[in-house]
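The values are calculated or read from the model by the stated rules, or taken from the named source; none is laboratory data. Predicted model, so just to flag it, every value in this text is computed and none were measured. FYI the Cβ positions are ideal-geometry reconstructions off the backbone, even for glycines, and counts take in every protein chain you see. These accessible areas exclude ligands, DNA and RNA; they are computed on the full protein's heavy atoms, side chains included. Shrake-Rupley method; radii C 1.70, N 1.55, O 1.52, S 1.80 Å.
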Amino acid sequence: MRRSMLASAAILLLAALLRLNAVTYGLSDVCLTVPEEYWLFAAEQTTSLYNWNIAPQGALTTLSGRIPPRPLLSAEAQLADRLGLRLAGVVAGLVTVALILRLGRSLGSNWWWAAGLFTAVAPWQVASDRWITPYDAAPLVLMLSVWAYGLGESTRSGWRRAALKGVSTAAALSLLLIAPPLWWLAVLMVVLPPRPHWRLILFLLLGGIVVFPALQTPELWLAAAARWDLGVTSACILVGLLLVLWWRRHLSRWYISALVVVSLCAGAVTLYQTTQLPQPTAEEWELVRWLQNRIPDDEVVQFDFTVWHLAPVVACPMGADIRFQAQSMPVEFFDVRELASPYYLISNRVDAVSKMPYISQVGEHFWIGRRLALPNVTDIGFGELVHVLGYELVTTSTTPAGTVDLRIDYQFGANITPDVLAYAAFVHVTPENDPLTNSVNISDPFFAESGNTGSRRVMLNHHIRFSLPPTIPAGVYAVRLGIFNVYTGEKVGEELILGELVVTGIN
């Protein structure tokens, strides 16, 4: 008896350690949200325990207890909210392990502890308990129903047996709300036992429909029944384990040893998956923020193998939502992919990006190569509004009253709003030795006239053309470009000298 208690305690302790490991991961930054929790931020929600009072779009939400489909969390959600839900899942997982240990011992099985160990360390079970998934309560409810049914079968007292059978039936039917994809399992669990209590089943079913608005909307329930997640996977595997435990209560030493080996391998996979969660350093976060501010939508970005793990952090679907195609470096002789030419190539080695037209350095150890081959390629920012990527003074020599043509290639900032329409470009033509005297001062409202303004959008081959005054003296002039507020006249950033303009003679 004492050895059994120690074995159970050790298995539960192991289960707790695996589930609490990294339980706070991603709470500090929405860009570290694990894929299993993306659904929390989705605008469209379906039936689950977390959405027990959901009503379809257009329904009467003024009725008591009904809310429209909406995200359960936002990027600004309190850390305590998500941590509390995760810890509740951990507790549910520990209770599930404890119930299967208890059930195995009550059945007199000689491999009850191996079944509990497998449930404690299986990667799908640990992930379902650690993260917040739509149907993460399914394994616990399943175990509660089976445990109550088994305890009721071994109880002689009539009222206790009836009460336990009622608990088992209620838990099984609750799967219709807690995990709609397991509707078939709920039906089997209430129909297959001998002498099912049809009046109790009908009462609980109708009562659930009346109490829970989510069960009153067939379109939402059917959409939920077609989904799948780790909680449903864990419940299905648990069903198979319970069936074997029920029918084969005694296994040979070889089978038990094999299950232990499988459990150890599963535990190793669980630990490995935890170590693969991105944990950016301060310098890597600097790289992530830089890329989030500069990657144009739908472009290809190639990551070196040393920074490949940062690709999902940069994308940040639940926060910045940067939509690009992540591409790993080609593998010589073995890579059969048709690789697209990347807009950016990121590496921790400068020689890896040395052939790119322009190279930016972020921190001390990361280099970013940009593919665009532009005249006078550069990367000069004017505040948070725009980055000049390249420029060219097309007209280098002209006469008074002649036309000057200049070209700029630029990228809008990451947080463009309608307020950007208050800004425009200015071009100053100043004598070479007198930069404070403006022989020409013109403005170009390229923000308003681009017609394609958008966060991180790249605009190429934009030309600004203007005529020189007919009285401008011959000489060498500097052509300067800048950004200013058209209402206040305040400049943004420093002026950029595009080149020298030679004015010859009188027209």
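Per-residue 3J(HN,Hα) values for region 425-440, derived from phi via the Karplus relation 6.51 cos²θ - 1.76 cosθ + 1.60 with θ = phi - 60°, read 8, 10, 10, 10, 10, 10, x, 4, 9, 9, x, 8, 9, 9, 6, 9 Hz in sequence order (x marks Gly and Pro). Legend: residues E37, E286, E364, E392, sorted from most to least accessible area (1.4 Å probe; ligands, DNA and RNA excluded), read E364, E286, E392, E37. Would region 198-340 count as rounded, prolate or oblate if I go by the C-alpha gyration tensor, calling it rounded below 1.5 in a/c and otherwise prolate when a/b exceeds b/c, oblate otherwise? Since a/c reaches 1.5 but b/c is at least a/b, the shape of region 198-340 is classed as oblate. State the Cα centre-to-centre distance between region 448-483 and region 366-386 in whole Å. If you average the Cα positions of each part, the centres end up 18 Å apart. Between R249 and V187, residue separation times 0.36 nm minus the direct Cα-Cα distance comes to 19.8 nm. What helices does the chain have that are whole DSSP H segments, at least 20 Å long along their own axis by Cα, and with mean Kyte-Doolittle hydropathy of -1.0 or more? The qualifying helices are 2-20, 79-106, 138-153, 158-178, 230-247, 253-275. Can you give the accessible area of M459 in Å² (nearest 10), computed on protein heavy atoms with a 1.4 Å probe? Ignoring ligands and nucleic acids, M459 comes out at about 30 Å². In order along region 464-473, the Karplus-derived 3J(HN,Hα) couplings, from 6.51 cos²θ - 1.76 cosθ + 1.60 at θ = phi - 60°, round to 10, 10, 8, 9, 7, x, x, 9, 5, x Hz, and Gly and Pro are given as x. Given R₀ = 56 Å, what would the calculated FRET efficiency be for L83 paired with H463, taking r from the Cβ atoms and rounding to 0.05? That gives a FRET efficiency of 0.55.
Show that you can apply the helix-only estimate: for the chain, add -39,500 (n - 2.57) for every DSSP H stretch of four or more residues, divide by all residues, and state [θ] at 222 nm to the nearest 500.
Helix contribution divided over all residues of the chain: -12500 deg cm²/dmol.
Put simply, the amide H of I483, placed in the peptide plane, has neighbours under 5 Å in F426, V492, leaving out anything fewer than 5 places away on its chain.
Partnerless cysteines in the chain, where a partner means another cysteine C-beta under 4.7 angstrom, comprise C236, C265.
Counting Lys and Arg as +1 and Asp and Glu as -1 over every other residue whose Cβ lies under 15 Å from the Cβ of L496, the net charge comes to -4. Per-residue SASA remark: T417, around 70 Å² accessible (1.4 Å probe; ligands, DNA and RNA not included). The Cβ shell under 14 Å around W111 holds other residues with a net charge of +4, Lys and Arg each +1, Asp and Glu each -1. Taking amide hydrogens as placed 1.01 Å from N in the peptide plane, the amide H of G390 sits under 5 Å from those of T378, D409, each at least 5 positions away in sequence or on another chain. Restriction of the GluC sites (Glu not before Pro) in region 476-507 to DSSP coil positions whose beta-carbon has at most 15 other beta-carbons within 10 angstrom yields E490. Close amide-amide hydrogen proximity is noted between E495 and no other residue 5 or more places distant or on a separate chain, at a cut-off under 5 Å (H modeled in the peptide plane; Pro and chain starts excluded).
Given a 1.4 Å probe and the protein chains as shown, C265 ends up with an accessible area of around 80 Å². Heavy-atom accessible area with a 1.4 Å probe sorts M5, M318, largest first, into M5, M318. In order along region 28-41, the Karplus-derived 3J(HN,Hα) couplings, from 6.51 cos²θ - 1.76 cosθ + 1.60 at θ = phi - 60°, round to 7, 8, 5, 6, 9, 4, 6, x, 5, 10, 4, 4, 5, 9 Hz, and Gly and Pro are given as x. For volume of the Cα convex hull per residue in Å³, the value calculated from this model appears in (i) 168; (ii) 209; (iii) 191 under label (ii).
What region 395-507 shows is 49 Å² of accessible area per residue, with the surface traced by a 1.4 Å probe over protein heavy atoms. With all protein chains in place and a 1.4 Å probe, the accessible surface of region 371-507 carries 49 percent carbon and sulfur. When a 1.4 Å probe is rolled over the protein heavy atoms, the share of accessible surface on region 119-196 that falls to carbon and sulfur comes to 69 percent. Which residues make up the longest stretch of the chain clear of chymotrypsin sites (Phe, Trp or Tyr not before Pro) that lie in a DSSP loop with no more than 10 other Cβ atoms within 10 Å, not counting the sites? Free of exposed loop sites, the longest segment is 1-332.
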